[in-house]
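Below is one structure, written out as structure tokens, with a few remarks after it.
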Amino acid sequence: MSALPDGVEVLAPVPSEHAHILSAEALAFVARLQRTFATRRDVLLARRGERQHDLSAGVMPDFVPDTAAIRAADWRVADAPPDLDDRRVEITGPAEPKMMINALNSGARVFMADLEDALSPGWSNVIAGHAALYDAVRRRLVFTGPEGKAYRLNERTATLVVRPRGWHLVERHVLVDGAPVSASLFDFGLFLFHDGREVLERGSGPYLYLPKLEGRLEARLWNDVFFFGQQALGIPRGSIRATVLIENILAAFEMDEILFELREHAAGLNAGRWDYIFSIIKKLGERPDFVLPDRAQVTMAVPFMRSYTQLLVRTCHRRGAYAIGGMSAFIPNRREPEVTANALAKVHEDKEREAGDGFDGTWVAHPDLVPVAGEVFARVLGERHHQKERLREDVLVGATDLLDVRVPGGRVSEAGVRQNVNVGLQYLDAWLQGIGAAAIFNLMEDAATAEISRSQLWQWRRLGVRLDDGRPFTGELYGAIRDEELARLGGRGAGRLGEAVDLLDRLVLGDDFPEFLTLRAYELLG
């Protein structure tokens with residue numbers, strides 16, 4: 001690796017084959033981003049804490065009075081570039097060579113290469129992920145499996161979109177002026193520096209998915225980062241296009257404002273369902289009236305999820321933006337036909353609901369699901385690329401609708417507790433071993449779905465929720481079930497389960513609620 005820019009330190013070895021990713025020029029650009037925007041990021045993260053204090057004191061979320069004029073005004077986001085005009089099926093997965101090749105070749109219209117929830121952010125994974133993006137953009141990404149099978153990109157591939165890590169995370173292996181760099185700025189900076197001009201020259205553009213936003217001011221920060229990055233690198237203004245994941249209950253009250261802040265760069269909004277459910281517990285979970293039942297019962301058909309997703313479609317289409325549906329967690333199992341048949345049926349049902357509600361496209365997590373989702377949206381869209389003309393003016397959603405978390409027939413059961421414990425242990429074990437997306441019980445689990453499992457356990461214990469058999473869920477009952485599930489998985493000596501169980505205990509049994517499990521788990525990664 002070449003000499004480092006002044007004030008920049010890299011605290012981990014960089015493999016020679018990836019040295020170009022951390023060139024002095026690239027790191028200098030990342031350092032400029034950090035020095036320009038780190039203080040604003042810190043202020044916004046502190047603001048999250050202040051808002052949480054208010055919520056814990058009983059102040060309920062609502063639409064912002066000060067931005068009523070934005071919601072009432074007639075404005076639209078920028079028109080979509082040609083290769084983001086048809087988004088009927090989007091496939092997601094970690095930025096890892098084999099998965100990227102399979103996803104890009106899957107027949108989906110868009111592939112979201114994930115540096116966030118589906119990627120365990122150990123140093124080697126992060127740098128290898130950026131190297132894979134570099135090669136994919138230049139169409140030279142290859143992979144050879146241990147069995148000798150070679151994977152290469154097809155002539156025609158999905159449009160590439162990149163999801164950087166969220167504002168709350170840092171990349172602790174790179175310091176700028178003695179402080180860890182924002183992981184958001186690190187991921188964005190490396191992608192734009194290396195690949196921004198390259199994708200434009202190839203007829204596409206630097207397209208992003210933005211995770212974990214909690215409101216308009218965080219979107220405004222991203223927008224200013226985009227303007228700065230484009231000007232600094234001589235990339236035409238407005239070349240960056242961003243789709244924002246609405247995966248936080250607070251962001252649901254500011255969807256218009258988020259699009260407005262990003263309007264020169266906005267491509268749409270995505271219904272990030274799993275983090276959205278998690279955010280209900282994170283933001284409001286100390287209140288008994290916000291207890292959610294077993295995770296499997298919190299489906300997209302329950303009233304508060306219907307309100308959120310339909311409001312998203314109405315908001316997007318009024319502003320000329322794309323409304324992209326979320327990801328059903330069911331995945332096929334090629335060795336078990338019955339499991340596959342169930343997964344296909346569940347995904348078909350989910351995508352039928354989204355297409356019928358007016359979504360312009362949807363997410364899948366496995367190449368075998370692309371034809372299923374594609375068939376549903378093809379039947380609805382016909383020759384059209386989207387259905388933005390469906391303004392959904394029939395949708396009338398207020399604050400009470402977004403906050404009405406009653407689930408008809410909902411209950412908390414021992415089976416639900418056991419599944420949450422088992423999933424939490426298996427996922428943390430996988431994450432600590434470098435696997436950010438893991439198939440567990442025929443569902444694709446990533447950090448967002450694991451967050452639901454651990455947060456429900458914390459909420460149920462904290463409030464002493466009674467199971468459907470009458471027993472209160474206590475720390476002692478959690479411990480007994482945890483020990484039984486741990487034994488089923490092979491005990492502390494298997495993989496990194498010893499660390500996983502200790503971490504899950506801290507997440508479930510602590511008085512305070514850790515904002516993200518990845519903040520605690522990151523300390524254990526290399």
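The values are calculated or read from the model by the stated rules, or taken from the named source; none is laboratory data. Model, not experiment: these values are computed from the prediction. Note: ideal-geometry Cβ built from the backbone for every residue, glycine included; neighbour counts use all protein chains shown.
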Per-region count, segment 38-57, residues without any contact (Cβ under 8 Å) to a residue 60 or more places away in the chain and either in a helix (DSSP H, G or I) or of a type outside the set (A, V, I, L, M, F, W, C) (or both):
8
Going through segment 397-418 in order, the residues found to be more than 30 Å from Asp256 (Cα to Cα), in contact with a Leu (Cβ under 9 Å, 6 or more places away or on another chain) and either without any contact (Cβ under 8 Å) to a residue 24 or more places away in the chain or not in a loop (DSSP other than H, G, I, E, B) (or both) are Glu414, Gly416, Val417
Which listed residue, of Arg263, Arg273, is of a type outside the set (Gly, Ala, Ser) and touching a strand residue (DSSP E or B) at 6+ places or on another chain (Cβ under 7 Å):
Arg273
Given the criterion over 25 Å from Gly58 (Cα atoms) and not acidic (Asp, Glu), identify the matching residue among Leu245, Leu284, Leu292.
Leu245
Any idea which of Asp66, Asp74 is within 27 Å of Val397 (Cβ to Cβ), over 25 Å from the mean Cα position of the chain (by Cα) and part of a loop (DSSP other than H, G, I, E, B)?
Asp74
When residues of segment 203-252 are limited to those that are buried (at least 20 other Cβ atoms within 10 Å of the Cβ) and aromatic (Phe, Trp, Tyr), the one farthest from the chain's Cα centre (by Cα)
Phe226
Scan segment 192-211 and report the pairs whose first residue is free of Cβ contacts under 8 Å to residues at least 40 places away in the same chain and part of a helix (DSSP H, G or I) and whose second residue is crowded, with 16+ Cβ neighbours inside 10 Å and not β-branched (Val, Ile, Thr), with Cβ atoms within less than 7 Å and a gap of 6+ or a chain change.
Leu200/Ser239
Of (1) surrounded by 21 or more Cβ atoms within 10 Å (Cβ to Cβ); (2) over 17 Å from the mean Cα position of the chain (by Cα); (3) of a type in the set (A, V, I, L, M), Leu153 fails just (1)
Among the numbered criteria (1) at pLDDT 95 or above; (2) out of contact with any helix residue (DSSP H, G or I) (no Cβ under 6 Å at 6 or more places or on another chain), which one does Gly272 miss?
(1)
Could you check segment 351-392 and list, in sequence order, the residues that are modelled with pLDDT of 95 or more and of a type in the set (Asp, Glu)?
Glu352, Glu354, Asp357, Asp360, Glu375, Glu389
Give segment 374-396 a look and list any residue that's in contact with an Asp or Glu (Cβ under 7 Å, 6 or more places away or on another chain) and in a loop (DSSP other than H, G, I, E, B), or say none.
His385, His386, Gln387, Lys388
Consider Val89 carefully, then state whether it is farther than 25 Å from Thr518 by Cα, surrounded by 15 or more Cβ atoms within 10 Å (Cβ to Cβ) and under 17 Å from the mean Cα position of the chain (by Cα).
yes
Can you name every residue in segment 253-282 that is assigned to a helix (DSSP H, G or I) and more than 15 Å from the chain's Cα centre (by Cα)?
Met255, Asp256, Glu257, Ile258, Leu259, Phe260, Glu261, Ile280, Ile281, Lys282
Return the pairs, sorted by first residue and then second, in which the second residue is polar (S, T, N, Q), the first residue lies in segment 491-514 and is on the phi < 0 side of the Ramachandran plot, the beta carbons are less than 6 Å apart, and the residues are 6+ apart or on different chains.
Arg496/Gln433
Condition set among the small types (Gly, Ala, Ser), over 24 Å from Ala494 (Cα atoms) and surrounded by fewer than 22 Cβ atoms within 10 Å (Cβ to Cβ), scope segment 420-470, selection nearest to the chain's Cα centre (by Cα): answer is Gly464
Conditions: (1) part of a helix (DSSP H, G or I); (2) touching a His at 6+ places or on another chain (Cβ under 9 Å). Thr340 meets all but one. Number of the miss?
(2)
In segment 133-167, which residues are hydroxyl-bearing (Ser, Thr, Tyr) and under 30 Å from Leu213 (Cα atoms)?
Tyr134, Thr157, Thr159
All but one of (1) touching a Ser or Thr at 6+ places or on another chain (Cβ under 9 Å); (2) at pLDDT below 95; (3) surrounded by fewer than 15 Cβ atoms within 10 Å (Cβ to Cβ) hold for Gly58, so report the exception by its number.
(1)
Among the residues of segment 149-160, is there at least one that is part of a loop (DSSP other than H, G, I, E, B), in the same structural domain as Leu369 (by TED's automatic domain parsing), in contact with a strand residue (DSSP E or B) (Cβ under 8 Å, 6 or more places away or on another chain) and touching a residue at least 60 places away in the same chain (Cβ under 8 Å)?
yes
Can you name the condition, by its number, that Asn102 falls short on among (1) farther than 30 Å from Ala439 by Cα; (2) assigned to a helix (DSSP H, G or I)?
(1)
Filter result for the condition that a residue is buried (at least 24 other Cβ atoms within 10 Å of the Cβ), closer than 19 Å to Phe193 by Cα and either under 20 Å from the mean Cα position of the chain (by Cα) or not assigned by TED's automatic domain parsing to the domain that holds Ser182 (or both), over Ala113, Ala128, Ala132, Ala108:
Ala113
Residue pairs qualifying under the 7 Å Cβ cut-off, at least six apart or on distinct chains, with the first in segment 343-367 being closer than 19 Å to Ala118 by Cβ and the second being acidic (Asp, Glu) and not in a strand (DSSP E or B), are Thr362/Glu354
